[in-house]
Number of protein chains: 2
Amino acid sequence: MAANSSVADNVKALTFDVFGTVVDWRASIIREGQLLAANKGYDVDWAEFADRWRSGYGPAMNKVRTGELPWMKIDDLHRMILDDLVIEYGLEGMTAKELDDFNRAWHRLSPWPDTVAGLNRLKTKYVITTLSNGNVSLLTNMAKNAGMPWDAILSAELSGHYKPDPEAYLKAADLLSLAPEQVMMVAAHPGDLRGAARAGLRTAYVIRPLERGPGRPVNRNPDGEFDYTADSFLDLAKQLGA
Amino acid sequence: MAANSSVADNVKALTFDVFGTVVDWRASIIREGQLLAANKGYDVDWAEFADRWRSGYGPAMNKVRTGELPWMKIDDLHRMILDDLVIEYGLEGMTAKELDDFNRAWHRLSPWPDTVAGLNRLKTKYVITTLSNGNVSLLTNMAKNAGMPWDAILSAELSGHYKPDPEAYLKAADLLSLAPEQVMMVAAHPGDLRGAARAGLRTAYVIRPLERGPGRPVNRNPDGEFDYTADSFLDLAKQLGA
């Protein structure tokens, strides 16, 4: 802590990864699937379905990176993956409206229990923004739906490059009129934080042991790779003096 | 009203001009000048100074439009104009810190009395965002300072084109994942609204008779040129059923 106090004071803005860091996408998608099944009578392992939907997202982004696909909003990537899963899981008889609504489940993801309270505390000391691969409209709708008190909605969409490409982080710092070292990336994913660090940002690792379901191994940042490690946004606020 | 009810229902997001529409820039700058004078002993007509600072902004933007200047954040345009005015008005002995702070007066502008209450009402029915020529960080700091409940901070900066160029409005609609006709521009300036209409957006004219000081002629949109005309954000909320 003491060693880090100058970091905490030099930082002016916190940029947050969203899926997994701010919201519990897995439990939210499972619940949306169960709701759909309650109406339509499907018999599906929704935990597996949620994991498959999420795991299609990295390869789809890579197709954009390599130019195989044009730039796409995450909404459209989610829909492309969903359209395949609907066939694979035999979700027959879904109307166009039901498909659109199910795809927008990602706009309604539930925050972790400490998210809103922690953001409200962090907001008293820092500018707090999203910095997600999710598109601006998805993040805006999610914040409105769940009462997240962001000061601004930033997204990889504004740079035309997905994280962890450096352009995504550098565009955020530029839009905030800050030097990269005045911005701290907050994420539950080491790969995202390493991308941020390569671009010159500070890093805070928030441990979300349940992101991929219970019983998974937990990476507690034992090597001190990141500037801060916290168990929740409230813990992070405490460590930062907010 | 009745004729407009389908407009109100088809619109999903309201994008707001900020300087003059959301905040009383003139009274705010006058007060900041008076505060500065109280500390430094300057004898200046601050109303005239505020008007001069503001009126330098259109020509400066046009120099960017014509390529005479590169793309600039409004913070930098404000500073360029301020540096000239400081010499012209003989504001001697200002430190670098005092100059920086005075230029950031535009981050601290006060809302009109109906602004925050009106935005909170409009937010219950619509996505509400800024759409200003002001840069993202200026708008973010202003909202944080004054408690403005924006769902997202959008700016001409995100398109690299100042309003009333069509790119500024179309980029906002694209980031909101909406068709232009699902977005309504709210502004106190007919020129801004005409630019929005040319890009396909809906328009709401909010009359701000005091923007340039008392005793000025008021344009009440007598020809019904815009979809809505309102006396305040609360009046607009009432007309839109929010």
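The values are calculated or read from the model by the stated rules, or taken from the named source; none is laboratory data. Predicted model only: the values in this text are computed from it and were never measured. Note that we place each Cβ from the backbone using ideal geometry, even for glycine, and neighbour counts take in every protein chain shown.
Taking into account only those residues within the range A:71-112 that are of a type in the set (Ser, Thr, Tyr) and over 18 Å from A:Glu48 (Cα atoms), which is surrounded by the fewest Cβ atoms within 10 Å (Cβ to Cβ)?
Only one residue fits best here, namely A:Thr95.
Applying the selection to the range A:139-185, what residues are under 19 Å from B:Ala172 (Cβ atoms), within 16 Å of the chain's Cα centre (by Cα) and of a type in the set (A, V, I, L, M)?
The answer is A:Leu139, A:Met142, A:Ala143, A:Ala152, A:Ile153, A:Leu154, A:Ala156, A:Leu158, A:Ala172.
What about A:Ala168, is it part of a helix (DSSP H, G or I), at negative phi and within 13 Å of chain B (Cβ to nearest Cβ)?
Considered against the rule, which asks whether it is part of a helix (DSSP H, G or I), at negative phi and within 13 Å of chain B (Cβ to nearest Cβ), A:Ala168 comes out as no.
Can you name the residue in the range B:71-91 that is within 14 Å of chain A (Cβ to nearest Cβ) and assigned to a loop (DSSP other than H, G, I, E, B) and, of all such residues, is nearest to A:Asp174 (Cα to Cα)?
Top of the filtered list is B:Lys73.
For the range B:214-228, state whether one or more residues are closer than 23 Å to B:Asp24 by Cβ, more than 14 Å from chain A (Cβ to nearest Cβ), surrounded by fewer than 23 Cβ atoms within 10 Å (Cβ to Cβ) and under 17 Å from the mean Cα position of the chain (by Cα).
Scanning the range B:214-228 turns up no residue that is closer than 23 Å to B:Asp24 by Cβ, more than 14 Å from chain A (Cβ to nearest Cβ), surrounded by fewer than 23 Cβ atoms within 10 Å (Cβ to Cβ) and under 17 Å from the mean Cα position of the chain (by Cα).
Could you check the range B:58-70 and list, in sequence order, the residues that are in a loop (DSSP other than H, G, I, E, B) and among the aliphatic types (A, V, I, L, M)?
Correct list: B:Leu69 only.
Report the residue count in the range B:92-103 for those that are in contact with a helix residue (DSSP H, G or I) (Cβ under 8 Å, 6 or more places away or on another chain) and within 14 Å of chain A (Cβ to nearest Cβ).
Counting residues in the range B:92-103 that are in contact with a helix residue (DSSP H, G or I) (Cβ under 8 Å, 6 or more places away or on another chain) and within 14 Å of chain A (Cβ to nearest Cβ) gives 1.
If you go through the range A:188-205, how many residues are small (Gly, Ala, Ser), part of a helix (DSSP H, G or I) and buried (at least 21 other Cβ atoms within 10 Å of the Cβ)?
2
So which of B:Met148, B:Met185, B:Met142 is in a strand (DSSP E or B) and either at pLDDT 95 or above or more than 29 Å from A:Asp76 (Cα to Cα) (or both)?
After applying the criteria, what remains is B:Met185.
Which condition breaks for B:Tyr42 when tested against (1) surrounded by fewer than 16 Cβ atoms within 10 Å (Cβ to Cβ); (2) not in a helix (DSSP H, G or I)?
(1)
Yes/no matrix, rows are residues, columns are (1) more than 8 Å from chain A (Cβ to nearest Cβ); (2) of a type outside the set (D, E, K, R):
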position: B:Pro113; (1), (2): yes, yes
position: B:Leu119; (1), (2): yes, yes
position: B:Lys125; (1), (2): yes, no
position: B:Val136; (1), (2): no, yes
position: B:Asn145; (1), (2): yes, yes
position: B:Ser159; (1), (2): yes, yes
position: B:Pro164; (1), (2): yes, yes
position: B:Leu175; (1), (2): no, yes
position: B:Val183; (1), (2): yes, yes
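Given the criteria modelled with pLDDT of 95 or more and either out of contact with any Pro (no Cβ under 7 Å at 6 or more places or on another chain) or within 14 Å of another protein chain (Cβ to nearest Cβ) (or both), does B:Leu201 qualify?
Against the criterion (modelled with pLDDT of 95 or more and either out of contact with any Pro (no Cβ under 7 Å at 6 or more places or on another chain) or within 14 Å of another protein chain (Cβ to nearest Cβ) (or both)), B:Leu201 does not qualify.
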